[in-house]
Each structure stands twice: as structure tokens, then as C-alpha cells.
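Please treat every number below as a calculation from the coordinates, not as lab data. From a predicted model like this one, the values you see are computed outputs, not experimental measurements. Glycine gets a Cβ as well: all are built from the backbone with ideal geometry, and neighbour counts include every protein chain shown.
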Amino acid sequence: MIDTTKLEAGLAKLKGHDLIALEKEERLTGNTALELTTSKSFQVRVAARALGVNPHDLLDLPINESNAICIQTFGFLNKPVEPPT
């Protein structure tokens with residue numbers, strides 16, 4: 001069972017180093033998307049890291065649940081960041 005309610009908090013804990021490492025992992029799979037945040041497989045990889053699970057665990061979910069996780073992850077990765085004051 002995967003507790004997806006913790007996804008937002010897990011994503012917020014990830015750092016730039018995680019993003020670069022996940023990008024390298026995804027590129028090794030052959031993903032050539034110009035902007036990886038639009039790639040479902042990359043979104044699953046990021047969400048899995050945030051939740052502390054294997055990406056295959058998220059891919060084994062029903063399609064609507066897996067897609068909801070991708071949408072939430074995409075939104076988190078692409079929301080505007082307020083500049084420091």
C-alpha cells in the first residue's frame with residue numbers, strides 16, 4: 001500500500017542534487033524528452049523518490065492513481081517559486 005497523501009511533503013524535501021541524480025537515471029533509460037518534467041516516466045521516478053518507494057510500485061497502481069501522482073508531481077515541479085525578499 002502506498003500512502004500518496006505524503007507526496008507533497010516528500011517532494012518538498014527533495015533537493016537539487018536529487019533532481020540531477022534522477023535526471024541522470026532517467027536519461028540512462030533512453031528518455032530523450034527535452035523537458036523531463038513533462039515525461040510521465042520521469043514524474044514517476046521523482047514521485048517514487050519522494051515517497052521512498054520503487055518506481056515500479058507506482059507503475060503497478062491502477063492507471064488513474066498512477067496518473068494522479070504524475071499530475072501532482074508535474075504541478076509541484078513546475079509551480080512558480082517566490083523570489084526571496
For A33, the residues 5 or more places away or on another chain with a placed amide H closer than 5 Å to its own amide H are none
Scoring the chain by relative contact order with C-alpha pairs under 8 Å, at least six apart, yields a percentage of 34 percent
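Rounded to the nearest 500, what is the chain's calculated 222 nm mean residue ellipticity when only DSSP H runs of at least 4 contribute -39500 (n - 2.57) each, over all residues? Before the final figure, lay out each step's value.
Numbers: 5 runs with 53 residues, N = 85.
Calculated from helices alone, the mean residue ellipticity at 222 nm is -18500 deg cm²/dmol.
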GluC sites (Glu not before Pro) in the chain lying in a DSSP loop, each with at most 11 other Cβ atoms within 10 Å of its Cβ, come to E35
Projected onto the charge dipole of the range 4-47 (unit charges on the beta-carbon of Lys, Arg, Asp and Glu, signs +1, +1, -1, -1), the Cα from H17, V44, T4 with the largest positive-side position is that of T4
Once the in-chain neighbours fewer than 8 apart are removed, the aspartates and glutamates whose Cα is under 15 Å from K24 read E35
